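This report concerns only the one structure given below.
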Amino acid sequence: RFHMPEQYGYQPWWYSFDYGMAHFVVMSTEHNYTRGSTQYEWLENDLKGVDKGSTPWLILVGHRPMYSSEEYFGDYVVALMMQQELEDLIHQYRVDLALWGHYHSYERTCPVYRQTCDPSGTVHIVIGSAGNTLDDQPTFYAPWSEHFDLDFGYGRITVANSSALLWEYVSSKDTSVPDSVWLTH
């Protein structure tokens, strides 16, 4: 077991921390996150309290993704519920990047809000391709999906400054970068 941050949150299930110019918010997709729940209230208060002057980059992390084009009907229903319950909140507080797992694949969206590419939206990334057997599930057409990959890899974030952040998907087999995107403020 890892020691979880104790200062901000309901550890070990949800918590937040600052690292350099980024504020990370880790939520639990396995606990109640609907409006009025303990986690939702905590999440809203945490996002509201972010000092964008010292931590201009806001990164949300959770297990089950809010956006994925893999054809798992049960998980798709969960994603739609997350969008219904959380998407307005993360849009209101300008979450820049959302990192998810669950699927054993890689997928990156455009900045998306309400299933539409929108420059003021959040870039969602499924980065679950680091260990277990990769998924073999087909994908459905999703206009917000910009890159999908079924190979082993990991993510790398480089905060260049307060107005530029680089996301890179790195291949485990040869350290090439099959996908990257610059986020800017």
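Selection of the range 99-121 for residues being at pLDDT 95 or above, more than 19 Å from ARG156 (Cβ to Cβ) and not acidic (Asp, Glu) yields CYS110, PRO111, VAL112, TYR113, ARG114, GLN115, THR116, CYS117, PRO119, SER120, GLY121. The residue pairs whose first member lies in the range 163-178 and is closer than 9 Å to GLY153 by Cα, whose second member is surrounded by 15 or more Cβ atoms within 10 Å (Cβ to Cβ) and among the basic types (Lys, Arg), and whose beta carbons are closer than 9 Å, counting only pairs six or more residues apart or on different chains, are TYR169/ARG108.
Being in contact with a Gly (Cβ under 9 Å, 6 or more places away or on another chain), outside any strand (DSSP E or B), modelled with pLDDT of 95 or more and closer than 22 Å to ASN32 by Cα narrows it down to one of MET66, MET82, so name that one. Before the answer, list the steps.
Working: MET66 fails: in contact with a Gly (Cβ under 9 Å, 6 or more places away or on another chain).
Of MET66, MET82, the one residue that is in contact with a Gly (Cβ under 9 Å, 6 or more places away or on another chain), outside any strand (DSSP E or B), modelled with pLDDT of 95 or more and closer than 22 Å to ASN32 by Cα is MET82.
The set of residues in the range 112-170 being part of a loop (DSSP other than H, G, I, E, B), closer than 19 Å to LEU58 by Cβ and open to solvent by less than 70 Å² (accessible area, probe 1.4 Å) consists of ASP118, SER120, GLY121, SER162, SER163.
From the list VAL25, VAL78, the one residue that fits, being in contact with a Ser or Thr (Cβ under 6 Å, 6 or more places away or on another chain), hydrophobic (A, V, I, L, M, F, W, C) and surrounded by 14 or more Cβ atoms within 10 Å (Cβ to Cβ), is VAL25.
In the set LEU43, LEU86, LEU60, LEU99, only one residue is closer than 21 Å to TRP167 by Cα, of a type in the set (A, V, I, L, M, F, W, C) and either in contact with an Asp or Glu (Cβ under 8 Å, 6 or more places away or on another chain) or open to solvent by less than 10 Å² (accessible area, probe 1.4 Å) (or both); that residue is LEU60.
For the range 159-170, check the following and say yes or no: at least one residue is of a type in the set (S, T, N, Q), farther than 21 Å from GLN84 by Cβ and modelled with pLDDT under 95. Spell out how you get there, then give the answer.
Residues of the range 159-170 of a type in the set (S, T, N, Q): 161-163.
Keeping just the survivors that are farther than 21 Å from GLN84 by Cβ gives 161-163.
Filter once more, so that each one left must be modelled with pLDDT under 95: none.
Scanning the range 159-170, I find no residue that is of a type in the set (S, T, N, Q), farther than 21 Å from GLN84 by Cβ and modelled with pLDDT under 95, so the answer is no.
The values are calculated or read from the model by the stated rules, or taken from the named source; none is laboratory data. Quick caveat, the model's predicted, so the values are computed rather than measured. A quick note on method: Cβ atoms are made from the backbone with ideal geometry, for glycine too, and the neighbour counts reach across all protein chains shown. The protein model used for the area step is the full one, side chains on, heavy atoms only, and it has no ligands, DNA or RNA in it. Shrake-Rupley method; radii C 1.70, N 1.55, O 1.52, S 1.80 Å.
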